[in-house]
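Following: one structure in structure tokens, then a few remarks.
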Amino acid sequence: MLSVLRVHLPSEIPIVGCELTPYVLLRRPDKTVSTDDVPETAPLDGHFLRYKWYRVQSDRKIALCSVHPSEQATLQCLGCVKAKIPVAKSYHCTPKCFSDAWQHHRVLHDRAASAVNENGNEEEELFGRFNSSGSGVINSSLSGSASSANLTNGSAPLYPAAVTQRSGGETWFEVGQSKTYTPTADDVGHVLKFECVIVDAETKLPTGHVNTILTSRVIPAPSPSPRRLVPVDGMGHLDADGRITSSGTFTVLSYNILSDAYASNDLYSYCPSWALSWPYRRQNLLREIVGYRADIICLQEVQSDHYEEFFAPELDKHGYYGLFKRKTTEVYNGNMNTIDGCATFFRRDRFSHVKKYEVEFNKAAQSLTDAMIPTTQKKVALNRLVKDNVALIVVLEAKVNSQPVDNPGKRQLLCVANTHVNVHQELKDVKLWQVHTLLKGLEKIAASADIPMLVCGDFNSVPGSAPHALLAMGKVDPLHPDLAVDPLSILRPHSKLVHQLPLVSAYSAFGRTVGLGFEQHKRRLDSTTNEPLFTNVTRDFIGTLDYIFYTADSLVVESLLELLDEESLRKDTALPSPEWSSDHIALLAEFRCCKTRSRR
């Protein structure tokens, strides 16, 4: 007979918007053990599994700490109430919590004061409009929790589900009848109860023990402070949605989202396990990515299964078409479904797909060793060069009705490269060789047509390194210290380390701007390289690894997504955190096509 051996939840804390799927271990009639579902539509040996979810609603008034959402709040900041800051951000669990968070909390007050313009309207922010609409439901629930009227928790309009039981000051409301449940704003502050029981297919009556689990209290999804889109040339203006508008512009996002396979509790022990879990991170990442409303999205560290099962279908709902290039598998020997790669998405109403090129650095390594390395050294050379890294190059065509060009009569193409360069810091020669190989491929495309180009990704190379110099300067100084690491002599002669693409780093535009309004953004740049101080923040490393390069003879930077300051991130030790679900930050630039000059 069918029996339930074990039931448990993969995450200890349920979060609004993050799917809960219990692990249910079954013993089937043939004595085999399985986690496969047995629904009513396909009973097994005359039995099936019935699931129910309940919200356990206490009569006690509860609010959650804004800094430690798994803790109950004991005090509220009245300054937030007066400034009409979302009430969820006003709660703290202890006086020490409030004191420790004050430097960051004070920013909310400052922003609230500055966000009201002469007309009394709040300034819109990129990712803010989306975020506030998403978190507003949560916050309204919390603000409801702060009022005595709603804290009776018994009103039918607020909780219309059927009451199944009431005892000891608690009421259970049935909220779901499937194995999976996604907590809503109504669940914030309440415990959820999951029931699983075997049912006779004929009588529809339970035939055995009811297996139950109680969760921790549901917490709202943390809502990071919105990042503004900042005009850098003074030509654009903010529209009603907070976007910079200028004739013929488009936006590009580059983001290493941190593959779940790499997001281990050992490596990121400072991040709460619930915030590191994939069910939470995928929803938070999607919320962030969609909130930027970019026309083109370049993602790195996207697992194959996550691309197919989550990002491609979810972003399709928002009007994006996606292309994916998985890393190669000569070094990797794990689950093929979890190997990561590069994913490029674009808005179907803005662009159409013309062509795709896939760069496999392993193949380039094989060609290189065949041509340059003596037979006796080929195995050693391939062991050093073959690292499974890839690049995805996509040629897009702007659609006529939204063509981002000055000349509407001319067909406008755009080439977008998306890559993730090898991570090992000691392999400086391999990094430089991979970047050089990619640039040589892009040069061939450029030779066939004058086409604007974007080169995006995680290059695992800091500003001033040889790969960065090659990208930004078009050459590498023969005396550059990185060139000392070249055991295979693949970088010689050094004179070949050049390219003719007029590439410029998008974020260096902050360094070229003048005016008082840009001082804050300039402080977040390295004054020597004009690159961000960081795009990657962990406990053991902080620095810039990610870039958006563009061809300056055909594209102009209009605006940039503001950078984050280290202090605001260090309150959670490092990235990832409950607010930001990758160890990298997203980069976004808005471009305008300009008249193309022929390249030589």
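How large are Rg and Dmax for the stretch 1-75 when only the alpha carbon atoms are used, in Å?
Just the Cα atoms of the stretch 1-75 yield Rg and Dmax of 17.9, 57 Å.
Using 0.36 nm per residue, how much length does the chain from Ser352 to Arg512 gain when fully extended, once their Cα-Cα distance is taken away? Working shown, then result.
Details: separation 160, 0.36 × 160 = 57.60 nm, distance 3.32 nm.
Extra length from Ser352 to Arg512 when fully extended: 54.3 nm.
Under 12 Å Cα-Cα from Lys379, which aspartates and glutamates qualify once same-chain neighbours fewer than 8 residues away are excluded?
Asp370
When you count, for each residue, the other Cβ atoms within 10 Å and take the mean per peptide, how do 454-463, 313-322 rank with the highest first? If you can, show how the numbers build up before the last one.
Numbers: 454-463: 24.6, 313-322: 15.1.
Taking the mean over residues of other Cβ atoms within 10 Å, the ranking is 454-463, 313-322.
What is the magnitude of the charge dipole of the chain about its Cα centre, with +1 placed on the Cβ of each Lys and Arg, -1 on the Cβ of each Asp and Glu, and no other charges, expressed in debye to the nearest 20?
Computed about the Cα centre, the dipole is about 720 debye.
Quick one: accessible area per residue over the stretch 307-450, 1.4 Å probe, rounded to a whole number of Å²?
Details: 6770 Å² over 144 residues.
So the stretch 307-450 comes to 47 Å² accessible per residue, rounded to a whole number.
I'd like the accessible area for Leu414, computed on protein heavy atoms only with a 1.4 Å probe and all protein chains in place. Round to 10 Å², please.
Surface accessible to solvent at Leu414 totals approximately 10 Å².
For Val210 and Tyr23, calculate 0.36 nm times their separation in residues minus their Cα-Cα distance, and state this gained length in nm to one decimal. The partial results should precede the final answer.
Values: separation 187, 0.36 × 187 = 67.32 nm, distance 1.52 nm.
Gain on stretching Val210 to Tyr23: 65.8 nm.
If I model a spin label as a point 7 Å beyond the Cα along the Cα-Cβ vector, how far apart are those points for Thr376 and Glu426 in nm?
Computed distance between label sites Thr376 and Glu426 equals 2.4 nm.
Report ³J(HN,Hα) in whole Hz for each residue of the stretch 439-450, in order, from the Karplus equation J = 6.51 cos²θ - 1.76 cosθ + 1.60 where θ = phi - 60°; Gly and Pro get x.
5, 5, x, 5, 4, 5, 5, 5, 5, 7, 6, 6
Once phi is turned into θ = phi - 60°, what whole-Hz ³J(HN,Hα) does the Karplus curve with 6.51, -1.76 and 1.60 give for every residue of the stretch 189-198, x standing for Gly and Pro?
In residue order, the calculated couplings are x, 10, 7, 9, 10, 10, 10, 9, 9, 7 Hz.
Suppose R0 equals 35 Å; then what is the FRET efficiency for Asp540 and Lys399 from their Cβ-Cβ distance, rounded to the nearest 0.05?
The formula returns an efficiency of 0.20 here.
Determine the equivalent ellipsoid of the stretch 66-111 by diagonalising the alpha-carbon gyration tensor, then write out the semi-axes as square roots of 5 times the eigenvalues, largest first, rounded to whole Å.
16, 12, 9
Can you work out the accessible area per residue across the stretch 1-101, with the rest of the protein chains kept in place, probe 1.4 Å, in square angstrom?
51
With a 1.4 Å probe and every protein chain left in place, tell me how much accessible area Met336 has, in Å² to the nearest 10.
Its accessible surface works out to 70 Å², give or take rounding.
If I model a spin label at Lys317 and Arg411 as a point 7 Å from the Cα along the Cα→Cβ vector, what separation in nanometres do I get?
3.6
Rounded, prolate or oblate for the stretch 483-593? Axes are the square roots of the Cα gyration tensor eigenvalues, ordered a ≥ b ≥ c, and the cut-off for rounded is a/c under 1.5. Numbers along the way, then the final one.
Values: a/c = 2.19, a/b = 1.23, b/c = 1.77.
Because a/c hits 1.5 or more and a/b fails to exceed b/c, the stretch 483-593 counts as oblate.
Radius of gyration and Dmax for the stretch 254-373's Cα atoms, expressed in Å?
Over the stretch 254-373's Cα set, Rg and Dmax evaluate to 16.5, 50 Å.
Once phi is turned into θ = phi - 60°, what whole-Hz ³J(HN,Hα) does the Karplus curve with 6.51, -1.76 and 1.60 give for every residue of the stretch 479-488, x standing for Gly and Pro?
Calculated HN-Hα couplings, in order: 8, 4, x, 4, 6, 5, 8, 7, x, 9 Hz.
Calculate the tail of P(r) for the stretch 336-382: the fraction of all Cα-Cα distances greater than 18 Å, expressed in %.
The answer is 57 percent, as a whole percent.
Report the calculated FRET efficiency for His494 and Thr573 (r = Cβ-Cβ distance, R0 = 51 Å), to the nearest 0.05.
0.80
Based on the mean of other beta carbon atoms within 10 Å per residue, what is the order of 256-264, 378-386, most packed first? Could the numbers behind the result be given before it?
Details: 256-264: 19.1, 378-386: 16.0.
So the peptides 256-264, 378-386, ranked by packing, come out 256-264, 378-386.
By the gyration tensor of its Cα atoms, with a ≥ b ≥ c the square roots of the eigenvalues, what is the shape of the stretch 329-425: rounded for a/c under 1.5, prolate for a/b over b/c, or oblate?
Prolate is the answer for the stretch 329-425, as a/c is 1.5 or above and a/b outweighs b/c.
Relative contact order for the chain using alpha-carbon pairs under 8 Å, separation at least 6, rounded to a whole percent? Write out the running numbers ahead of the final one.
On the way: 1211 pairs, mean separation 85.4, N = 600.
Computed over the chain, the figure is 14 percent.
From the protein chains alone at 1.4 Å, what is the descending order of accessible area for Phe518, Phe346, largest first?
Ranked from most to least accessible, the order is Phe518, Phe346.
Could you list the residues of the stretch 306-327 with an amide nitrogen less than 13 Å from a label point located 7 Å from the Cα of Glu360 in the Cα-to-C-beta direction?
325-327
Which entries in Lys399/Lys475; Lys325/Lys496; Lys444/Lys475; Lys325/Lys440; Lys327/Lys428; Lys193/Lys317 show an alpha-carbon gap greater than 26 Å?
Lys399/Lys475; Lys325/Lys496; Lys193/Lys317
Label-point separation (nm) for Glu71 and Tyr270, each offset 7 Å from Cα along Cα-to-Cβ?
For the pair Glu71/Tyr270, the computed spacing is 1.8 nm.
Binning every alpha carbon pair distance of the stretch 257-326 at 5 Å from zero, what are the percents per bin?
For the stretch 257-326, the binned pair fractions read 3, 15, 27, 25, 16, 9, 4, 0 percent.
Can you tell me the Rg and the Dmax, both Å, for the Cα atoms in the chain?
Cα only, the chain: 26.9, 83 Å (Rg, Dmax).
What is the Cα radius of gyration of the stretch 448-508 over 2.2 N^0.38 Å, N being its residue count?
Expressed relative to 2.2 N^0.38 Å, the Cα Rg reads 1.23.
Could you list the trypsin sites (Lys or Arg not before Pro) in the stretch 489-561 that lie in coil according to DSSP, counting only those with at most 12 other Cβ atoms within 10 Å of their Cβ?
Working: sites: Lys496, Arg512, Lys522, Arg523, Arg524, Arg539; in loops: Arg523, Arg524, Arg539.
Hits after loop and neighbour filter: Arg523.
In the chain, carbon and sulfur make up what percent of the accessible area (probe 1.4 Å)? Provide the component values of the computation, followed by the final result.
Values: 13750 of 26440 Å².
Within the chain, the accessible surface is 52 percent carbon and sulfur.
Rounded to the nearest whole Å², what accessible area per residue is found for the stretch 196-235 with the 1.4 Å probe?
Averaged over the residues of the stretch 196-235, the accessible area is 47 Å².
The values are calculated or read from the model by the stated rules, or taken from the named source; none is laboratory data. Just so you know, these numbers come straight off a predicted model, no measurement behind them. In this analysis, Cβ positions are derived from the backbone assuming ideal geometry, glycine residues included, and neighbour counts consider all displayed protein chains. When the accessible area is computed, the model is the full protein with side chains, heavy atoms only, and any ligands, DNA or RNA have been set aside. Shrake-Rupley method; radii C 1.70, N 1.55, O 1.52, S 1.80 Å.
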